[in-house]
Amino acid sequence: MSGLVDALVIVAVAALVIARQVRAARVDADRRWWLLPGILVVVALRGPGLLDAHHRAASTALLAAELLVGLAIGAGWAWTTRLWAEPDGTVWSKSTRASAVVWFVGIALRVGLFALGTTLGVHQGSSALMIALAATLLVRSGILVQRARWTQMSAGPTAYGDEVSRSPRLRKERV
C-alpha cells in the first residue's frame, strides 16, 4: 500500500507543478518555496527501502545519480522559465518550450537510470524518485526566487535567450 500512496503523491505533485507552469503565475519571493520539497523528503524518508540492502553500493550510486539528474533538471527548468515584471513590481513566470525539453530529457534520464538499476538487479522503490523530485523542485524554486528578485530590480525579461532590457525608471538620470 505504501508504494501505491507514494506513486499517487508523485503523480499528484507532478501534475500540480506541470499544470501551474503551462500558464502564467505570480512569483512570490516571500512565501515558503521550500515547503513542498521538504514535505516530499519527509514522505520519502518515512519508511525503509531507500537503498537496496543486497546491492548497497549500486543502490547508493543510482540514488546519487538520480539526485544529480534532479538537481540538473531543476536548474535547467528554472533558467529556461520566462520571468517578467509588471509595472506594479509583481514578477510573473511561465515555462517555455525549452523548459519542456528539459523535462523530457530529465524523464528520459530517469527512465534510463531505472532501466540500469533493473539490469543490475537493484530493487528501486519510489522513495528515490520522490527525493529526486524534491531536489528538482527545491533547486528550481530557489533559482526562480532569486531570479524574481533580480527581475524586480532590473524589470526586464530574463529567460534564456531573451534580450534583457532595463526599465526606464531604473536608468540613471543625466545630470
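Mind checking which pairs have a first residue in the range 119-148 that is of a type in the set (Lys, Arg) and a second that is open to solvent by 20 Å² or more (accessible area, probe 1.4 Å) and modelled with pLDDT under 90, Cβ under 7 Å, 6 or more apart or different chains?
Hits for this filter: Arg147/Thr158.
Just to verify a result, which residue in the range 19-38, among those that are assigned to a helix (DSSP H, G or I) and in contact (Cβ under 8 Å) with a residue 24 or more places away in the chain, is surrounded by the most Cβ atoms within 10 Å (Cβ to Cβ)?
Pro37
When you go through Leu51, Leu137 one by one, which is the residue that is in contact with a helix residue (DSSP H, G or I) (Cβ under 8 Å, 6 or more places away or on another chain) and part of a loop (DSSP other than H, G, I, E, B)?
Result of the check over Leu51, Leu137: Leu51.
Checking Ala25 against (1) more than 15 Å from the chain's Cα centre (by Cα); (2) modelled with pLDDT under 75, only one condition comes out false. Which one?
Ala25 satisfies all of (1) more than 15 Å from the chain's Cα centre (by Cα); (2) modelled with pLDDT under 75 except (2).
Residues of the range 50-100 being touching a residue at least 40 places away in the same chain (Cβ under 8 Å) and open to solvent by 60 Å² or more (accessible area, probe 1.4 Å), which ones?
Of everything in the range 50-100, those that are touching a residue at least 40 places away in the same chain (Cβ under 8 Å) and open to solvent by 60 Å² or more (accessible area, probe 1.4 Å) turn out to be His54, His55, Leu71, Trp79, Arg82, Trp92, Lys94.
Kindly check whether there is at least one residue in the range 124-143 that is more than 22 Å from Val42 (Cα to Cα) and either in contact with a strand residue (DSSP E or B) (Cβ under 7 Å, 6 or more places away or on another chain) or modelled with pLDDT under 90 (or both).
No; the residues of the range 124-143 include none that is more than 22 Å from Val42 (Cα to Cα) and either in contact with a strand residue (DSSP E or B) (Cβ under 7 Å, 6 or more places away or on another chain) or modelled with pLDDT under 90 (or both).
Take Ala72 and decide whether it is part of a helix (DSSP H, G or I) and out of contact with any strand residue (DSSP E or B) (no Cβ under 6 Å at 6 or more places or on another chain).
Criteria met by Ala72.
What number of residues within the range 39-48 are open to solvent by 60 Å² or more (accessible area, probe 1.4 Å), more than 20 Å from Val145 (Cβ to Cβ) and assigned to a helix (DSSP H, G or I)?
Number satisfying all stated conditions: 2.
Name, by its number, the condition in (1) within 23 Å of Leu36 (Cβ to Cβ); (2) open to solvent by less than 70 Å² (accessible area, probe 1.4 Å) that does not hold for Gly112.
Among (1) within 23 Å of Leu36 (Cβ to Cβ); (2) open to solvent by less than 70 Å² (accessible area, probe 1.4 Å), Gly112 violates only (1).
Check the range 83-92 and report whether any residue there is of a type in the set (Ser, Thr, Tyr) and out of contact with any Leu (no Cβ under 9 Å at 6 or more places or on another chain).
yes
Just to be sure I understand, how many residues within the range 75-128 are hydrophobic (A, V, I, L, M, F, W, C), more than 16 Å from the chain's Cα centre (by Cα) and part of a helix (DSSP H, G or I)?
6
The values are calculated or read from the model by the stated rules, or taken from the named source; none is laboratory data. Keep in mind that this is a model prediction, so the values were computed, not measured. FYI the Cβ positions are ideal-geometry reconstructions off the backbone, even for glycines, and counts take in every protein chain you see. Accessible surface areas use protein heavy atoms only, side chains included; no ligands, DNA or RNA. Shrake-Rupley method; radii C 1.70, N 1.55, O 1.52, S 1.80 Å.
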